[in-house]
Amino acid sequence: MLTRLSRLQGTPTPIGMAHIRLAEAAASASAEAVEREYFDLFIGVPRGELMPYASYYLTGFLSDRPLARLRQDLGRYGLERAEGYSEPEDHIGTLCEIMSGFAERRFEVSASEERAFFGRYLATWGFRFFADLEAAKSARFYTAVGTIGRLLLEIEAEAYAMETVT
């Protein structure tokens with residue numbers, strides 16, 4: 001994965017420059033270092049520096065009401081957690097993967113449902129999470145990941161705002 005990421009190229013735009021920084025971070029990192037960084041950031045002893053869960057960001061508790069609401073909505077879309085997958089569904093990576101599935105039409109939802117999902121489950125806390133990831137003391141490689149995540153959420157929010165205006 002690091003080799004693939006190190007080949008990213010960019011343009012002189014904010015997202016393009018973020019791709020270049022991610023490529024540079026990937027080129028200068030080892031798999032072992034990134035794995036250790038992930039542990040320090042998200043798992044840790046006694047806990048990671050960041051908690052990548054909507055429930056935690058929104059309520060201060062894990063597996064709280066935001067997760068219950070998310071599970072209800074995912075059920076309406078016919079989506080459920082994969083067998084053997086232990087992370088709660090409100091993990092930032094899972095939510096981004098769901099949005100990717102909407103964009104690629106892997107999941108059948110209307111444009112208004114997609115917009116509502118983003119507003120309900122990512123816009124409410126994702127910007128703050130990615131900004132925290134960019135600033136995390138343990139982050140080296142993941143600083144670039146945080147920048148890309150934040151910029152992609154900004155692009156998505158701007159796109160939904162334009163749809164509302166037109």
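The orientation-averaged shadow of the Cα convex hull for the chain, equal to a quarter of the hull surface, comes to 10.9 nm².
Could you give the length gained on full extension between ALA157 and ALA111, defined as 0.36 nm per residue of separation minus the Cα-Cα distance, in nm?
So the chain would gain 15.2 nm between ALA157 and ALA111.
If you take every residue apart from ALA157 with its C-beta less than 15 Å away from the C-beta of ALA157, what net charge results, scoring Lys and Arg +1 and Asp and Glu -1? Once all neighbours under 15 Å are counted, the net charge is -1. Residues whose amide H falls under 5 Å from that of TYR77, counting only those 5 or more places apart or on a different chain, are absent, with hydrogens built in the peptide plane. The chymotrypsin sites (Phe, Trp or Tyr not before Pro) found in the stretch 79-158 that occupy coil by DSSP, while having at most 16 further C-beta atoms within 10 Å, are TYR85.
Give the residue list of trypsin sites (Lys or Arg not before Pro) in the stretch 1-105 that are DSSP loop and have at most 12 other beta-carbon atoms within 10 angstrom. Those satisfying the criteria are ARG7, ARG47, ARG105. Across the stretch 152-163, computed HN-Hα scalar couplings (Karplus, 6.51 cos²θ - 1.76 cosθ + 1.60, θ = phi - 60°) run 5, 5, 4, 4, 4, 4, 5, 5, 5, 5, 5, 4 Hz from first to last residue, x flagging Gly and Pro.
Under a Gaussian network description of the chain, with springs only between Cα atoms under 10 Å, the residue in SER86, SER30, SER63 that fluctuates furthest is SER86.
Sorting MET17, MET99 by the number of Cβ atoms found within 10 Å of their own Cβ, with the fewest placed first, yields MET17, MET99. Dividing the summed -39500 (n - 2.57) terms of all DSSP H runs of n ≥ 4 by the residue count of the chain sets its mean residue ellipticity at 222 nm at -19000 deg cm²/dmol. Between the beta carbons of ARG65 and GLN9, assuming R0 = 41 Å, the FRET efficiency works out to 0.45 to the nearest 0.05.
Taking amide H as placed 1.01 Å from N in the peptide plane, GLU49 has its amide H under 5 Å from the amide H of LEU41, PHE42, ILE43, each at least 5 places away in sequence or on another chain.
The relative contact order of the chain comes to 23 percent, based on Cα pairs under 8 Å that sit 6 or more residues apart.
Per-residue 3J(HN,Hα) values for the stretch 77-89, derived from phi via the Karplus relation 6.51 cos²θ - 1.76 cosθ + 1.60 with θ = phi - 60°, read 8, x, 10, 8, 4, 5, 4, x, 8, 8, 5, x, 5 Hz in sequence order (x marks Gly and Pro).
Of the GluC sites (Glu not before Pro) found in the stretch 73-144, those in coil by DSSP whose Cβ has at most 16 other Cβ atoms within 10 Å are GLU80, GLU83, GLU104, GLU108.
Rule-based calculations on the coordinates, nothing more; no lab input. As the structure is a prediction and not an experimental result, all values here were calculated from the model. Methodologically, a virtual Cβ is constructed for each residue, glycine included, from the backbone with ideal geometry; neighbour enumeration extends over all protein chains shown.
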